[in-house]
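Sharing a structure with you now.
The values are calculated or read from the model by the stated rules, or taken from the named source; none is laboratory data. Just so you know, these numbers come straight off a predicted model, no measurement behind them. All Cβ positions, glycine included, derive from the backbone under ideal geometry; neighbour counts span all protein chains shown. Keep in mind that these areas ignore ligands, DNA and RNA; they rest on the heavy atoms of the full protein, side chains included. Shrake-Rupley method; radii C 1.70, N 1.55, O 1.52, S 1.80 Å.
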Amino acid sequence: MPICSSPVTDDRANAAHCRAIAERHARTFALASRFLPDPQRRMAFAVYAFCRVADDAVDAGIETGSHASGSLHGIALSPADRAERLRAHRARLDAMLAGRPDGPIFRELHRAVVTRGVPFAPLYELIDGVAADLTPARFGSWAELARYCEGVASSVGELCVHLFGVQGGADVVARAVPYARTLGVAMQLTNILRDVGEDARNGRCYLPEDDLAAHGLSRERVLGDPAIAQDERWAPFMAMQIGRARALYEAARPGIALLTPDTQRCALACALGYAGILGAIERIRYDVVAQRAAPGSAERAAVLWQVWRTGPVIAPPALTPRAACAVIGAPAAAPAWTNTERIHA
């Protein structure tokens, strides 16, 4: 039966809606997506929009438009209201997987899941991951933070493996997924390091408490001291975290060669673009409390040029997935969901 019975014009409007959300909120991804073939780009926008709305659901702002708009501003919502928004998002995912997609994002996501056979588990893993933000974030160790990063970002990496495709069958997918999940952890850790000040002003600190303590710092200081970056102990702490992030990028990069040749450049652009944020943090002397680090236009253009010049790997090497995950230091628990049946089309 048809994936969607809506008129073609509505189908295009659904795609445009998801694309607008991605282009408004994800500069690096929107640029990198230009390297994707049109079908994969459209599906990637659908997945991004789904993830973005899930993330927005637990933010403390109130929506300016529909729930699927992804547009918020700063009127505080209660924890109960935020939990209800995430519950509603999950209910709409349940309905979509039962063949009843509601709204442009879920109609586009339904189309992608049916077309590519995307597993259900990472979709639910993402929702459970962002649910951690319903309460004040607190991570005692890197192992705890890594598990959080797996939920909110490795899940997306796994989805992308299925959307992009690999050079081979299920055995290559099994090899590619751990690398993609490692890249997700690297990118989420980069987000955390970039957004320390913004998160602190919202009462959140994602930095591992044992790493802070090892440098004579504390979660309370991150939350309450806007001048913490002037402490001589701050730079070594941030340098350690940046080193960890770079090790993750390095561990993940070989997996890009397992993807189909026409999607490898997008994955590489995302990896290099996000890794560039780490250099931007260093250039502002690690003061991510007072300002937001971001690569300049020239640097972003240089990344795109470098990626464009990089030829795809046609014959993927035999890679060992365990090597990609070792640097995380904390294997995530297996998700509780499996695809025991296909989505209703």
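What FRET efficiency comes out for residue 134 versus residue 225 if R0 is 22 angstrom and r is the Cβ-Cβ distance? Round to the nearest 0.05.
Once the sixth-power term is evaluated, E becomes 0.30.
In addition: Keeping every protein chain in place, order 160, 266 by accessible area at 1.4 Å, biggest value first, i.e. largest first.
Sorted descending by solvent-accessible area, the residues read 160, 266.
How would 144, 220 rank on accessible area, largest to smallest, probe 1.4 Å?
Sorted descending by solvent-accessible area, the residues read 220, 144.
Something else about it: Using a 1.4 Å probe and ignoring any ligands, DNA or RNA, find the accessible area of residue 84 and quote it in Å² to the nearest 10.
90
Then there's this: Please give the FRET efficiency for residue 16 paired with residue 260, using the beta carbon to beta carbon distance and R0 = 22 Å, rounded to the nearest 0.05. Show your work: numbers first, answer last.
Values: r = 25 Å, r/R0 = 1.15.
FRET efficiency, residue 16 to residue 260: 0.30.
Additional query: By how many nm would the segment from residue 290 to residue 102 lengthen if fully extended, with 0.36 nm per residue of separation less the alpha-carbon distance? Show your work: numbers first, answer last.
Working: separation 188, 0.36 × 188 = 67.68 nm, distance 4.12 nm.
Extra length from residue 290 to residue 102 when fully extended: 63.6 nm.
Another question about this same structure. Taking a cut-off of 23 Å, what percent of all Cα-Cα pairs in region 115-254 are separated by more than that?
Of all Cα-Cα distances in region 115-254, 39 percent exceed 23 Å.
Now for a different question. Divide the volume of the convex hull of the Cα atoms of region 96-198 by its number of residues and quote the answer in cubic angstrom per residue.
Convex hull volume per residue, Cα atoms: 128 Å³.
Using protein chains only and a probe of 1.4 angstrom, how many square angstrom of residue 265 are accessible, to the nearest 10?
Roll a 1.4 Å probe over it and residue 265 shows about 60 Å².
Quick one: Cα centre-to-centre distance for region 16-62 and region 161-235, in angstrom?
When both Cα centres are located, 20 Å separates them.
With θ set to phi - 60°, apply the Karplus curve 6.51 cos²θ - 1.76 cosθ + 1.60 along region 300-305 and write out the HN-Hα couplings as whole Hz, x wherever there is a Gly or Pro.
Here the 3J(HN,Hα) series is 5, 5, 5, 5, 4, 5 Hz.
With a 10 Å radius around each residue's Cβ, average the other Cβ atoms per peptide and rank 46-57, 299-310, highest first.
Answer by packing, highest mean first, reads 46-57, 299-310.
With every protein chain left in place and a probe of 1.4 Å, what is the accessible surface of residue 25, to the nearest 10 Å²?
Only protein atoms counted, so the area is about 60 Å².
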